[in-house]
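S.K.: Next up is a structure, given as structure tokens.
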Amino acid sequence: MASRLVGIVDVVPIDRIADELYALPPAGFVAARDAHARRAARRGDQALAREIAALRKPTASAWALNSLARETDVLVDLLALGEELRAAEELRGNALRQLGARRRVTLNALVRQAEDLARAAGHPLGPEAVRQVRATLGAACADRVLAARIRIGRLVRPVERAAFPPVGPGAVGVRDDLAPRREQRRERQLAKARGDVDAARSDARRAEAALAEADRLLDERAEHAASLRAELQRAQRAEHAAAVAAERARRRADAARDRLVRAQRRVTELRGDA
């Protein structure tokens, strides 16, 4: 199943290829990605080739979440629970316990489904990958942006961060005064990461240009070497032919000298008889 974006907007080549790649098990990702990049480069679409080459291999847990997103709209119940959990401070007693129980049941069901899909694909998840799937789904319950990322089906790694405080008997709502500072720090880190991405893209473009020039020079040198080898082969054949001709001429000269000696000897003999 393609990304949730399919049918909403026209799919550009990179979206179609990314959807295909992130549906693959991690073991087959790199080979398939590199093959797509080479095909794009051979078609002369260097920009697309670079975009494809920049796609990162997903972890096992991220691949399992991507598979889950492609099978069903996994986050409808989680998002609904998230809205209820954000209003949890107004709940009391049994309602609060029921909400916590629903969250656990929903997460358990989704984690089992992700495990089943991975097992059916021949790549069962290990304990750590299962834990990461659970943590990411729990975080998506509170984070609409993360939930949207999971629904697209192109996660590269799991996302583990605190979602909601525990919900249940005796749970006490805690005001997080440091949240604005953490958000500012996260924004600064995000800005730096984006700057690093831009710098890496520039480096990649320069490296691509250098590689293209190196390939051109290599082709020229290979062509020149092939020409020299052909010329050498022609010269060797000519040398061999000359050597054969010289040997034949030498034999003819030797034979001619022998005939001359015999003829002279015969003349001498005839003169003596006279």
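The values are calculated or read from the model by the stated rules, or taken from the named source; none is laboratory data. On a predicted model such as this, the values are computed, not experimentally measured, just so you know. All Cβ positions, glycine included, derive from the backbone under ideal geometry; neighbour counts span all protein chains shown. Ligands, DNA and RNA are excluded from the accessible area calculation, which covers all protein heavy atoms including side chains. Shrake-Rupley method; radii C 1.70, N 1.55, O 1.52, S 1.80 Å.
S.K.: With the structure loaded, tell me whether Val167 is among the hydrophobic types (A, V, I, L, M, F, W, C) and modelled with pLDDT under 85 or whether it fails that test.
M.R.: yes
S.K.: Same structure, new question: From the list Leu99, Leu55, Leu24, which residue is of a type in the set (A, V, I, L, M) and modelled with pLDDT under 90?
M.R.: Exactly one residue qualifies, and that residue is Leu99.
S.K.: Just checking, how many residues over region 138-154 are assigned to a loop (DSSP other than H, G, I, E, B) and of a type outside the set (A, V, I, L, M, F, W, C)?
M.R.: 3
S.K.: I'd like the residue in region 22-50 that is within 9 Å of the chain's Cα centre (by Cα) and either open to solvent by less than 60 Å² (accessible area, probe 1.4 Å) or in contact (Cβ under 8 Å) with a residue 60 or more places away in the chain (or both) and, out of all such residues, is nearest to Ile150 (Cα to Cα).
M.R.: The residue in question is Phe29.
S.K.: Cβ-Cβ under 6 Å, sequence separation 6+ or interchain: first residue in region 69-92 and over 19 Å from Arg112 (Cα atoms), partner open to solvent by 60 Å² or more (accessible area, probe 1.4 Å) and at pLDDT below 75. Which pairs?
M.R.: Glu89/Gly173
S.K.: Can you tell me which of Arg237, Arg216, Arg229, Arg251 is under 30 Å from Ala37 (Cα atoms) and either of a type in the set (Ser, Thr, Tyr) or open to solvent by 80 Å² or more (accessible area, probe 1.4 Å) (or both)?
M.R.: Arg216
S.K.: Show the residue pairs meeting these rules: Cβ distance below 6 Å; 6+ apart or different chains; first residue within region 190-212 and more than 18 Å from Ala49 (Cβ to Cβ) and open to solvent by less than 80 Å² (accessible area, probe 1.4 Å); second residue assigned to a helix (DSSP H, G or I) and modelled with pLDDT under 85.
M.R.: Note: no pairs meet the criteria.
S.K.: Among the candidates Ala193, Ala148, Ala142, single out the residue that is modelled with pLDDT of 65 or more and in contact with a Gly (Cβ under 7 Å, 6 or more places away or on another chain).
M.R.: Checking each option against the conditions leaves just Ala142.
S.K.: Quick test for you: out of Leu125, Leu110, pick the one residue that is in a helix (DSSP H, G or I) and either surrounded by 18 or more Cβ atoms within 10 Å (Cβ to Cβ) or modelled with pLDDT under 80 (or both).
M.R.: When all the criteria are applied, what remains is Leu110.
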